[in-house]
Amino acid sequence: MKRKPKIYVIKLNRKLILALLGLIIFLIILITFFSNSKSLSIFKYNSNGVIVVDPGHGGIDGGTSDRDGLLEKDINLDTGLYLKQELIKEGFNVVMTREADESLEDFSSINASRYRRDLNARKTIINKSKPVAFVSIHVNSSKSPSARGIQVYYYPDSSESEKLAKSICDSINTNVYKNYLKEDLNAKYLPYDYFILRETEYTGVLVEIGFITNSKDNALLKDDKYKEKVAYSIRKGISKWLE
């Protein structure tokens with residue numbers, strides 16, 4: 001006599017099933033959220049993530065100087081090249097307005113003075129690059145030898161430029177003045193109607209990295225480690241602004 005096969009019926013608790021379905025849906029939503037967050041972060045830095053670095057002056061235009069022949073154009077270029085390396089490490093695509101001791105008036109076709117043509121060429125490079133942001137690097141001077149410190153300028157009508165300037169100043173205050181130099185000094189961010197800030201179509205700042213007319217700043221402007229720290233701080237400030 002053949003035995004009848006046994007049939008087992010498993011009864012599942014309805015509440016348990018609903019709870020499991022709810023957990024699965026929650027996990028799917030959580031995974032999707034973090035995936036999208038990561039994608040947004042990558043988009044900010046790598047999709048059209050161009051930063052233009054503009055070392056001011058160059059060639060026939062030495063910029064400001066001291067009595068010993070220290071020229072602004074050389075300090076600007078050193079710092080700009082350090083900043084380029086910092087930004088590349090962060091994953092940005094970097095466009096330099098110049099990477100050698102040259103002025104840029106020959107790259108402009110407008111009928112104007114050499115100085116105006118140089119500025120026009122820089123403006124054109126920035127606008128054609130369609131950057132996330134640009135940074136123009138300069139050195140300050142003053143009739144007062146006590147004037148000192150880094151100043152970051154933004155165009156008065158640009159709220160994003162102001163935010164970027166503040167972010168860079170905050171980074172400089174932490175990484176240069178507090179942690180590196182151990183000095184009670186603060187970078188300042190200020191509005192100003194500079195041509196390079198007014199005539200460009202993208203968010204940007206002009207950074208004066210010290211006063212060549214101040215003895216302490218003058219010594220720092222000759223120090224590669226200081227220029228590296230300034231470049232690092234600018235890069236950190238840009239990254240923070242983009243978060």
ALA121 part of a loop (DSSP other than H, G, I, E, B) and aliphatic (A, V, I, L, M): no
Test: residue in the stretch 108-128 that is touching a helix residue (DSSP H, G or I) at 6+ places or on another chain (Cβ under 6 Å), farther than 19 Å from GLY62 by Cβ and touching a residue at least 12 places away in the same chain (Cβ under 8 Å): yes
Residue list for the stretch 127-144, filter: closer than 26 Å to PHE211 by Cβ and either assigned to a helix (DSSP H, G or I) or not polar (S, T, N, Q) (or both): ALA133, PHE134, VAL135, ILE137, HIS138, VAL139, LYS143
Search result, residues across the stretch 159-172 that are among the polar types (S, T, N, Q) and either open to solvent by 30 Å² or more (accessible area, probe 1.4 Å) or more than 23 Å from VAL132 (Cβ to Cβ) (or both): SER159
Residue that is nearest to the chain's Cα centre (by Cα) [pool: residues in the stretch 52-77 that are open to solvent by less than 60 Å² (accessible area, probe 1.4 Å) and of a type in the set (Asp, Glu)]: ASP54
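Tell me the residue from GLU90, GLU102 that is closer than 28 Å to LYS222 by Cβ, at pLDDT below 95 and surrounded by fewer than 21 Cβ atoms within 10 Å (Cβ to Cβ), please.
Exactly one of GLU90, GLU102 is closer than 28 Å to LYS222 by Cβ, at pLDDT below 95 and surrounded by fewer than 21 Cβ atoms within 10 Å (Cβ to Cβ), namely GLU90.
What residue, of LYS236, LYS188, is surrounded by 19 or more Cβ atoms within 10 Å (Cβ to Cβ) and modelled with pLDDT of 95 or more?
LYS236
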Selected residue (criterion: surrounded by the most Cβ atoms within 10 Å (Cβ to Cβ)) from residues of the stretch 191-218 that are touching a helix residue (DSSP H, G or I) at 6+ places or on another chain (Cβ under 7 Å), of a type outside the set (A, V, I, L, M) and on the phi < 0 side of the Ramachandran plot: GLY204
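The values are calculated or read from the model by the stated rules, or taken from the named source; none is laboratory data. Note that this is a predicted model, so its numbers are computed, not measured. Cβ coordinates were reconstructed from backbone atoms using ideal geometry, including for glycine residues, and neighbour counts include every protein chain displayed. Heavy atoms of the whole protein, side chains included, go into the accessibility calculation; ligands, DNA and RNA do not. Shrake-Rupley method; radii C 1.70, N 1.55, O 1.52, S 1.80 Å.
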